[in-house]
Amino acid sequence: MRNYEFTVIFDANDEKMNAGLKFVTEAFAKAGVEITKQEDLGVRTLAYLINKQDKGHYVYFELTADPTKIAGLSHDFQLSTLVLKYLFVNPEK
């Protein structure tokens, strides 16, 4: 098990953000990922348009996960229309 930092950007619309957050937390639960910290960073202006959106709702997580599960989660998030952008970082490297 390794520690990871995960930042995700959802649509600024509250309904879409809540649906996206539910999708992400359920995906973590299915994969056996432990969320050690979750912080809502709020709505921010994006540096460039993503799916014709100029604002995004940022959420930051600190996780403990098996490294083999991260690739599967990345694939799921990439295919989801609820997630605009995401980034996994291993802070130990």
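Here are the numbers:
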| quantity | calculated |
| --- | --- |
| Evaluation of residue 51 against (1) touching a Leu at 6+ places or on another chain (Cβ under 8 Å); (2) under 28 Å from residue 92 (Cα atoms) (one fails), failing number | (2) |
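Residue-by-condition table, conditions (1) among the hydrophobic types (A, V, I, L, M, F, W, C); (2) modelled with pLDDT under 95:
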residue	(1), (2)
2	no, yes
32	no, yes
60	no, no
67	no, yes
70	yes, yes
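The values are calculated or read from the model by the stated rules, or taken from the named source; none is laboratory data. Quick caveat: nothing in here was measured; it's all calculated off a predicted structure. Cβ coordinates were reconstructed from backbone atoms using ideal geometry, including for glycine residues, and neighbour counts include every protein chain displayed.
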